[in-house]
1. Test of understanding: among Ile70, Ile62, Ile93, which residue is more than 24 Å from Thr119 (Cβ to Cβ) and among the aliphatic types (A, V, I, L, M)?
2. Quick test of your reading of the structure: Ala130 fulfils all but one of (1) part of a helix (DSSP H, G or I); (2) without any contact (Cβ under 8 Å) to a residue 60 or more places away in the chain; (3) in contact with an Asp or Glu (Cβ under 9 Å, 6 or more places away or on another chain). Name the failing condition by number.
3. Scan (1) touching a residue at least 60 places away in the same chain (Cβ under 8 Å); (2) not in a helix (DSSP H, G or I) for the single condition Lys103 breaks and write down its number.
4. If you take the residues of the range 148-181 that are among the charged types (D, E, K, R) and assigned to a helix (DSSP H, G or I), which of them is surrounded by the fewest Cβ atoms within 10 Å (Cβ to Cβ)?
5. Given (1) in contact with a strand residue (DSSP E or B) (Cβ under 7 Å, 6 or more places away or on another chain); (2) over 24 Å from Gln38 (Cα atoms); (3) of a type outside the set (A, V, I, L, M), identify the lone condition not met by Cys81.
6. What residue, of Gly125, Gly136, is touching a residue at least 40 places away in the same chain (Cβ under 8 Å) and surrounded by 19 or more Cβ atoms within 10 Å (Cβ to Cβ)?
Amino acid sequence: MGFRYEFRLSGSGGQGLILAGKILAEAAAIYDGKNATQSQSYGPEARGGSSRSEVIVSDEEIDYPKAVNIDLLLCFTQEACDKYHEDVKETGILLVDKSYVTKIPEGKYKVYSVPITETAETKVGKALVANIVALGIITQVTGIISKGAVEAAILSRVPKGTEDLNLKAFNTGIEIAQQFK
């Protein structure tokens, strides 16, 4: 059996989770040469409704594109955490934005509770890049996709003129996660 890693990024619309999922998948597939799929779903509301992006990375063909056995779950809202935490493997990781997820569900998975949005605002200068701070944490904690690949994918996906801001956000996330070890 080959290697397979499943990510689910969840929260509400407008938090950049779809973009973060696209960046992860692109980094894995285009820049790291792995197989990857990305799928997304969101509520009928454009902003404020539920939002979810799933990325599967594998060294073999991916025959089913939906994440069912989550290795890493990112939750930007309490609602997302309550809804999806049961899908996380025992050996998995639950990463939550401490500012919005205050009730951490019991489980055998590893939990990282980090003030992601607050960090984006105070250390990077814009709460808008919380999704990119989260990508830095995810990249460092999992080691599944290389830092260089994620940086390249960020540069290819973010709006022109915001590259420096986004790279600062990504590296801030990396620094936060380095403190976990």
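The values are calculated or read from the model by the stated rules, or taken from the named source; none is laboratory data. Just so it is clear, the model here is predicted, and its values are computed rather than measured. Reconstructed Cβ throughout: ideal geometry from the backbone, glycine too, with neighbour counts over all protein chains shown.
1. Going through Ile70, Ile62, Ile93 in turn, the sole match is Ile62.
2. In the conditions (1) part of a helix (DSSP H, G or I); (2) without any contact (Cβ under 8 Å) to a residue 60 or more places away in the chain; (3) in contact with an Asp or Glu (Cβ under 9 Å, 6 or more places away or on another chain), Ala130 misses (2) alone.
3. Going through the list (1) touching a residue at least 60 places away in the same chain (Cβ under 8 Å); (2) not in a helix (DSSP H, G or I), Lys103 breaks only (1).
4. Looking at residues that are among the charged types (D, E, K, R) and assigned to a helix (DSSP H, G or I), I get Asp164.
5. (2)
6. None of the others qualify; the one that does is Gly136.
Listed here are the residues, each with its yes/no results for (1) β-branched (Val, Ile, Thr); (2) closer than 16 Å to Leu17 by Cβ.
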| site | (1), (2) |
| --- | --- |
| Cys75 | no, yes |
| Val129 | yes, yes |
| Ala134 | no, yes |
| Ile145 | yes, no |
| Glu151 | no, no |
| Leu167 | no, no |
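Here's the yes/no breakdown for (1) touching a residue at least 60 places away in the same chain (Cβ under 8 Å); (2) outside any loop (DSSP other than H, G, I, E, B); (3) farther than 20 Å from Ala169 by Cβ; (4) touching an Asp or Glu at 6+ places or on another chain (Cβ under 8 Å):
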{"residue": "Ala20", "(1), (2), (3), (4)": "yes, yes, no, no"}
{"residue": "Ala25", "(1), (2), (3), (4)": "no, yes, no, no"}
{"residue": "Ile30", "(1), (2), (3), (4)": "yes, yes, yes, no"}
{"residue": "Arg52", "(1), (2), (3), (4)": "no, yes, yes, no"}
{"residue": "Asp63", "(1), (2), (3), (4)": "no, no, yes, no"}
{"residue": "Asp71", "(1), (2), (3), (4)": "yes, yes, yes, yes"}
